[in-house]
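Undergrad: The structure's right below; bear with me while I get my questions together.
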Amino acid sequence: MLAEVRVSLFSVLLAICLNFPLPLEYSSLISSLPWDVSNFPYSLPYPILLKPLELGVFFLLDQSHRLVAFTGYCLGFVFLVGLQNSLTPFGLYLTVLAFFHFSEYVATGLSNPQNLSFDSFLVNHSIQYGLAMLISWLEYFLQLWFYPDVKLGLPMVSYAGLVICLLGELTRKMAMLQAGRNFNHLVQSSKADEHQLVTDGVYSLCRHPSYLGWFLWSLGSQILLVNPLCLIIYGVVSYAFFKERIYVEEYTLIAFFGDQYREYQKKVGSGIPGIEGFHGPVMWGEKQE
């Protein structure tokens, strides 16, 4: 196991162990806010005052590990907050959100360590990704404010969303681990010497199980939050994103593997209904059967 993976795992466990005794329920967190600013920051709870010193320990680490350790600690803390509020939809959401980003880093480190970097957490995926997350939070809290009985009164809907998130998580991580060094978060423009076409296991069921997994996780997160508007928005935007992504990726895969990939396309679907991928010629004048 890479040192970076060990550091991230230790940081997550450290955050959980150090903060587990703290009252992290929403009501406790709100009551601990320094409403009396005249005595700030001394009005903060003692454990909170010690957090800067606690986080300062990460600066004792090697520079290459600091950001990984800090990110792991933050994800562990978010996971714990979600766990202590797991009777609410947003608590469950925080748990699956933190686990998703942490598991992305660990799965990359285990399957394709040469490409492991801070970006493997996907917390900095894109501006659009962050904006979509903020919009979903906005819908959740606005609806919680105006319709609390509806938002908190449909636990079976949230549990169904949780199951879909877990299914998506499992599908994506199985795909990453099975593909090994053949998996990359970015579409590759050139074929590496060790790059092989993986068609067995979960890849025998669909051509893009990692995209299917993320698609399911994306939709499941909004079902979990009971966000009807964002469920529609996420579905439309995610579908368009993966349709374009699969089209571009399959163009390169046909360029890399030729007829071998075309035969694979004929036998196995993309994984996301309605998305066919790329079936045209990779160069001008190429004939198709």
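Undergrad: Under the 0.36 nm per residue contour assumption, what length would be gained going from the current alpha-carbon distance of residue 70 and residue 154 to full extension?
TA: On the way: separation 84, 0.36 × 84 = 30.24 nm, distance 3.55 nm.
The residue 70-residue 154 span can extend by a further 26.7 nm.
Undergrad: Of 188, 128, 222, which has the largest mean-square fluctuation in a 10 Å C-alpha GNM of the chain?
TA: Result: 128 has the largest fluctuation of those listed.
Undergrad: For residue 205 and residue 118, what is the calculated FRET efficiency with R₀ set at 30 Å and r taken between the beta-carbons, to the nearest 0.05? Display every interim value, and only then the final one.
TA: On the way: r = 32 Å, r/R0 = 1.06.
Efficiency, rounded to the nearest 0.05: 0.40.
Undergrad: Quote the relative contact order of the chain in percent (integer), defining contacts as alpha-carbon pairs under 8 Å separated by 6+ residues.
TA: 16 percent
Undergrad: I need to check one value: relative contact order of the range 76-119, counting alpha carbon pairs closer than 8 Å and at least 6 residues apart, in percent. Don't skip to the answer; put the middle values down first.
TA: On the way: 35 pairs, mean separation 12.1, N = 44.
Once divided by the residue count of the range 76-119, the mean separation gives 27 percent.
Undergrad: Something else: Treating only the Cβ of Lys, Arg, Asp and Glu as charged (+1, +1, -1, -1), what charge dipole size does the chain show about its Cα centre? Round to the nearest 20 debye.
TA: Numbers: 15 positive and 21 negative charges, 31 e Å.
About 140 debye.
Undergrad: Rounded, prolate or oblate for the range 97-226? Axes are the square roots of the Cα gyration tensor eigenvalues, ordered a ≥ b ≥ c, and the cut-off for rounded is a/c under 1.5.
TA: On the way: a/c = 2.99, a/b = 1.97, b/c = 1.52.
Prolate, since a/c reaches 1.5 and a/b exceeds b/c.
Undergrad: Just 195, 185, 125 to compare: in a GNM of the chain, with alpha carbon springs under 10 Å, which one fluctuates most?
TA: Ranking 195, 185, 125 by mean-square fluctuation puts 125 first.
Undergrad: Quick check: at a probe of 1.4 Å, how many percent of the accessible area of the chain sits on carbon and sulfur atoms?
TA: Numbers: 11270 of 16160 Å².
Heavy-atom surface of the chain belonging to carbon and sulfur, 1.4 Å probe: 70 percent.
Undergrad: Compare the peptides 228-235, 197-204 by average per-residue count of other Cβ atoms within 10 angstrom and give them in order, highest first. Before the final figure, lay out the partial values.
TA: Numbers: 228-235: 16.9, 197-204: 14.8.
Top to bottom by mean Cβ count within 10 Å: 228-235, 197-204.
Undergrad: Still on this structure, I have one more. Please name whichever of 94, 248, 73 sits farthest to the positive end of the charge dipole of the chain, dipole taken about the Cα centre and charges placed at Cβ: Lys and Arg +1, Asp and Glu -1.
TA: It is 94, whose Cα lies furthest towards the positive end.
Undergrad: Right, next: Pulled fully out, how much extra length does the chain show between residue 279 and residue 257, if you take 0.36 nm times their separation in residues and subtract their Cα-Cα distance? Could you put the intermediate results ahead of the total?
TA: On the way: separation 22, 0.36 × 22 = 7.92 nm, distance 1.33 nm.
Stretched out fully, the residue 279 to residue 257 stretch lengthens by 6.6 nm.
Undergrad: Return the FRET efficiency for the residue pair residue 247, residue 181: r is the Cβ-Cβ distance, R0 is 22 Å, and the value is rounded to the nearest 0.05.
TA: On the way: r = 24 Å, r/R0 = 1.08.
So, using R0 = 22 Å, E works out to roughly 0.40.
Undergrad: Okay, moving on. Which entry is the computed volume of the Cα convex hull per residue in Å³ for this structure: [x] 154; [y] 196; [z] 382?
TA: [x]
Undergrad: Mind counting lysine pairs for me in the chain? Cα separation below 30 Å, and the two need to be 8 or more apart along the chain or on different chains.
TA: Lysine pairs, 8 or more places apart or on different chains, close enough: 13.
Undergrad: Can you find, among 230, 163, 153, the residue farthest towards the positive end of the dipole of the range 151-240? Put +1 on the C-beta of Lys and Arg, -1 on that of Asp and Glu.
TA: Farthest along the dipole direction, towards plus: 153.
Undergrad: On to the next question. Calculate for the chain the 222 nm mean residue ellipticity that helices alone would give, adding -39,500 (n - 2.57) per DSSP H run of length 4 or more and normalising by residue count, nearest 500 deg cm²/dmol. Mind dumping the intermediate values first?
TA: Values: 12 runs with 183 residues, N = 289.
About -21000 deg cm²/dmol.
Undergrad: Residue farthest toward the positive end of the dipole of the chain, with Cβ of Lys/Arg at +1 and Asp/Glu at -1: which of 205, 64, 258?
TA: So the residue we want is 205.
Undergrad: Here's another thing I want to ask about it. Is the shape of the range 127-194 best called rounded, prolate or oblate, per the rule: a/c under 1.5 gives rounded, else a/b larger than b/c gives prolate, else oblate, with a ≥ b ≥ c the square roots of the Cα gyration tensor eigenvalues?
TA: Numbers: a/c = 7.89, a/b = 2.11, b/c = 3.74.
Oblate is the answer for the range 127-194, as a/c is 1.5 or above yet b/c matches or exceeds a/b.
Undergrad: Another one. Using 0.36 nm per residue, how much length does the chain from residue 145 to residue 166 gain when fully extended, once their Cα-Cα distance is taken away? Can you show the working numbers first?
TA: Details: separation 21, 0.36 × 21 = 7.56 nm, distance 2.80 nm.
Result for the pair: 4.8 nm of gain on full extension.
The values are calculated or read from the model by the stated rules, or taken from the named source; none is laboratory data. All values reported here derive from a predicted model rather than from experimental measurement. Positions of Cβ are generated from backbone atoms using ideal geometry, with glycine treated the same way; all protein chains shown enter the neighbour counts. Please note that ligands, DNA and RNA were not included when accessible areas were found on the heavy atoms of the full protein model with its side chains. Shrake-Rupley method; radii C 1.70, N 1.55, O 1.52, S 1.80 Å.
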